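The structure under discussion appears below in the form of structure tokens.
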Amino acid sequence: MELAEFVTVTAEKFGIPGVTVGVLANGEEVYAAHGVTSVDNPLPVDEDTLYQLASVTKTFTATALMRLVEQGRVELDAPVRRYVPELELSDETAAASITVLNLLNHTAGLDWGVIVDTGDGDDALAAYVANMAELRMIAEPGARASYSQAGFNLVGRIIEKVTGKPYEQAVTELVLEPAGLSNTFYAPSDVMTRRFAVGHNVGEDGTLSIARPWTVTTRANRPGGGIVSSASDQLKWARVHLSDDSLRRMQEPTVTLRASTLGDALGIAWFLRDVDGVRAIGHGGSANGQFAELLIVPERNFAVVVAANAGPNGIPFNQEVVRWALEHYLGVLDRDPEPLPYDEAQALDVVGDYGIDAMTCDITTDGGTLTMAVRIRPEIRAASDTEMPPDPEPFPLGPLPGDEYIVTAGEYKGQRGFFSRDENGAVVGVDLAGRLFTRC
């Protein structure tokens, strides 16, 4: 089966209105697209159709920062306050000691993010940082990795302070223009004049509807999730990281990850993992009804980018395509570990309520299966003046050795994580998608 056929069959299996896939292999680019931009106003998708890349944006922000490092204008081991002296956090010791690298590899100890919209002006990031004193600290700086949107927004503010330019302009000049990424944007006003994908979500009756608003990313959140791009530009982006020796440092491990589907370690923004004995770097992203994945295998000069415009099945669709491409082009097999049998005592030990600033995670058992339910906090939904994606259906967990688990069914099938214990052995948190949910 060739790429185009596999993409069509898989998109139809998962009910995705529009998908685009790009593969770089043996120096050549191959594209496959299926479907339409929107079920309401359909246009065919292709390799130049724009999709929201969400958190894949972090690789752009980090690369822009590394260009400033190359220029001698930023030091990775320097405290963030050298560049953003006004930074205030709930923990003064942490505020004084967090380094630039701590932000780039998610070891700053910051919770997910600040739930605040600071507007569309050039002061949006500055205002966001001014609100970071409200952010909870989940660990001491450098103690562990926990994925943080706030941390990358703060990186964006460092870029602004050092360059004296708005974040988007600075990244365009430092990264987008030199890489020839002429089909990559931040502002909706740039996107709307081109062909772009619209997100979709599944309603309670099982039908797809347009995800509104088109983007839920505020301007202050652009450093961590605001890029809109095409598959063709994403393969250009992959070529940059395959060929530019000055960026190799981003691919070197800076902190190990435990039981994470995202990877075995973090470099600088990139998640690093071993797949069937081959080293890969990558990053994914999820927006309102849109999902993106970029995986690069440096030693094989290989890359695959996938974009899908429907949730929740965009996640398993992307995973199946990436795995198929690895096997078809490289002979590399990516398989999930087999879970252990259900253990009642172990299950009762972890049952409980967990949470981060914006979401809750409830773990229950029926005496034979552990189940996790992840929900956006009701007060967050109530306070939002925009439509938010539905919560995922609860999904079953299978135990793995050493307090680890794997999701065994549903849209997050294959997702791995682990339970944290305190010095007395009590379970105090659960890691999900690289984020620490603390026990309530």
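A few notes on this one:
- Any pair with Cβ under 7 angstrom, 6 or more apart, that starts in segment 1-30 at a residue that is free of Cβ contacts under 8 Å to residues at least 60 places away in the same chain and ends at one that is part of a helix (DSSP H, G or I): V30/L3
- Yes/no for Y167 being buried (at least 21 other Cβ atoms within 10 Å of the Cβ), among the hydroxyl-bearing types (S, T, Y) and at pLDDT 95 or above: yes
- Boolean, A145 is under 21 Å from the mean Cα position of the chain (by Cα) and either part of a loop (DSSP other than H, G, I, E, B) or of a type in the set (K, R) (or both): yes
- R258 closer than 18 Å to S146 by Cα, part of a loop (DSSP other than H, G, I, E, B) and not hydrophobic (A, V, I, L, M, F, W, C): yes
- Any hit, segment 236-258, residues being among the polar types (S, T, N, Q) and touching a Pro at 6+ places or on another chain (Cβ under 9 Å): yes
- Residue list for segment 293-325, restricted to those being among the aromatic types (F, W, Y) and surrounded by 24 or more Cβ atoms within 10 Å (Cβ to Cβ): F317
- Residue in segment 24-35 that is touching a His at 6+ places or on another chain (Cβ under 7 Å) and of a type in the set (S, T, Y) present: no
- Selected residue (criterion: nearest to P389 (Cα to Cα)) from residues of segment 359-369 that are out of contact with any Ser or Thr (no Cβ under 9 Å at 6 or more places or on another chain) and crowded, with 17+ Cβ neighbours inside 10 Å: M359
- Entirely in segment 281-373, the strands (runs of 3 or more DSSP E) that have 3 or more residues that are in the same structural domain as P394 (by TED's automatic domain parsing): 352-355, 359-365
- Segment 210-253, residues that are surrounded by fewer than 20 Cβ atoms within 10 Å (Cβ to Cβ), of a type in the set (D, E, K, R) and farther than 19 Å from V306 by Cα: R212, D244, D245, R248, R249, E252
- Of the set (1) out of contact with any Asp or Glu (no Cβ under 9 Å at 6 or more places or on another chain); (2) without any contact (Cβ under 8 Å) to a residue 12 or more places away in the chain; (3) of a type in the set (D, E, K, R), all apply to R82 but (1).
- Exactly one residue out of A62, A78, A32 is more than 21 Å from T254 (Cβ to Cβ) and among the small types (G, A, S), and it is A32.
- Hey, A197 farther than 19 Å from I380 by Cα and among the small types (G, A, S) or not: yes
- Of everything listed in (1) touching a residue at least 60 places away in the same chain (Cβ under 8 Å); (2) over 16 Å from V407 (Cβ atoms); (3) buried (at least 20 other Cβ atoms within 10 Å of the Cβ), the single unmet condition for M372 is (2).
The values are calculated or read from the model by the stated rules, or taken from the named source; none is laboratory data. What you are looking at is a predicted structure, and each value in this text was computed from that prediction instead of being measured. Neighbour counts are summed over all protein chains in view; Cβ atoms, including those assigned to glycine, are modelled from backbone coordinates with ideal geometry.
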